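The values are calculated or read from the model by the stated rules, or taken from the named source; none is laboratory data. All figures in this text were calculated on a predicted structure; none of them were measured in a lab. All Cβ positions, glycine included, derive from the backbone under ideal geometry; neighbour counts span all protein chains shown.
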Amino acid sequence: MQTIDLATTTLRDLNATLQATKGQTNATAWEIVNPKGSHALAVGLDAPIEVTVKGSTGYYTAGMNKQATVTVKGSAGPGVAENMMSGTVIIEGDASQYAGATGNGGLLVIKGNASSRCGISMKGINIVVHGNIGHMSAFMAQSGNLVVLGDAGDALGDSLYEARLFVRGSVKSLGADCIEKEMRPEHIAILQDLLAQAGADAKPEEFKRYGSARKLYNFNIDNASAY
């Protein structure tokens with residue numbers, strides 16, 4: 001494992017070093033110390049490397065991630081894993097607002113709580129939150145899965161498209177066009193797999209599923225795979 005100390009290395013140099021691992025077969029494990037709440041840390045990665053951040057970070061940590069596994073041993077500021085494409089991002093503490101925003105793929109695990117607008121406009125990402133989420137989460141979420149082991153705030157799934165929302169705790173209120181839906185065997189299977197990947201100690205049968213009532217947009221079931 002190679003260690004980079006942000007007390008002596010600039011953030012620009014750190015990101016350039018990590019981004020340069022694309023196409024390389026060595027230097028697959030990295031440790032970042034003294035992050036000091038730095039913004040835009042470990043962004044734009046595109047290699048199957050493991051990056052461990054020893055401390056809390058600022059906004060847009062691991063944004064646009066591809067392939068990499070980024071673990072933050074602390075909390076993360078706004079926009080963690082924004083526009084993530086693949087790979088895994090794990091936040092061992094809490095995450096601020098709009099975690100996983102516009103994410104297209106991969107897995108975001110938040111072991112603490114997430115603030116407002118978690119999963120806003122998600123487009124295929126899977127997000128598992130071990131704690132609670134704030135208001136307006138999954139606003140205009142298009143596809144992917146949001147799993148919440150705790151409670152959800154106001155206006156969950158407002159203007160939702162075809163993302164699946166699974167909540168074990170209470171939901172303060174549902175947003176426009178978001179309704180509770182039947183939990184079928186295929187949803188149990190999806191949820192069981194995501195809980196296992198996220199190391200979450202919960203049973204799929206304890207969750208309720210929420211989704212779109214499909215009344216706010218032109219939905220054609222024959223084209224469901226396109227949504």
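Contact map, segment 94-111: residues that are closer than 21 Å to Asp193 by Cβ paired with residues that are among the hydroxyl-bearing types (Ser, Thr, Tyr) and in a loop (DSSP other than H, G, I, E, B), Cβ distance under 6 Å, separation 6+ or inter-chain. Pairs shown: Gly105/Ser86; Gly106/Ser86. Taken together, Leu156, Leu194, Leu149, Leu165 contain a single residue that is of a type in the set (A, V, I, L, M), farther than 18 Å from Leu107 by Cα and in the same structural domain as Asn113 (by TED's automatic domain parsing), which is Leu156.
Looking at Thr8, is it of a type in the set (Ser, Thr, Tyr) and either more than 21 Å from Gly105 (Cα to Cα) or at pLDDT below 95 (or both)?
The answer is yes for Thr8.
Just one of (1) β-branched (Val, Ile, Thr); (2) at pLDDT below 95; (3) surrounded by fewer than 20 Cβ atoms within 10 Å (Cβ to Cβ) fails for Thr21. It is (3). Among the residues of segment 47-54, are any of a type in the set (A, V, I, L, M) and part of a strand (DSSP E or B)? The answer is yes, given that some residue of segment 47-54 is of a type in the set (A, V, I, L, M) and part of a strand (DSSP E or B).
Can Gly23 be described as in the same structural domain as Thr71 (by TED's automatic domain parsing), of a type in the set (Gly, Ala, Ser) and closer than 19 Å to Ile91 by Cβ?
On the way: in the same structural domain as Thr71 (by TED's automatic domain parsing): yes; of a type in the set (Gly, Ala, Ser): yes; closer than 19 Å to Ile91 by Cβ: no.
Answer is no for this residue.
Only a single criterion out of (1) at pLDDT below 95; (2) in the same structural domain as Lys111 (by TED's automatic domain parsing); (3) of a type outside the set (Lys, Arg) is not satisfied by Asn223, namely (2). Applying a threshold of 9 Å to beta carbon distances and a minimum spacing of six or more residues, or different chains, the list of pairs starting in segment 1-22 at a residue that is under 21 Å from Met64 (Cα atoms) and ending at one that is in a loop (DSSP other than H, G, I, E, B) and among the β-branched types (Val, Ile, Thr) reads Asn15/Val43; Thr17/Thr9; Leu18/Val43; Leu18/Ile49; Gln19/Val43; Thr21/Thr28; Thr21/Ile49. Return yes when Ala202 is at pLDDT 95 or above, under 24 Å from Thr88 (Cα atoms) and in contact with a Lys or Arg (Cβ under 9 Å, 6 or more places away or on another chain) and no when it is not. So Ala202 passes the test.
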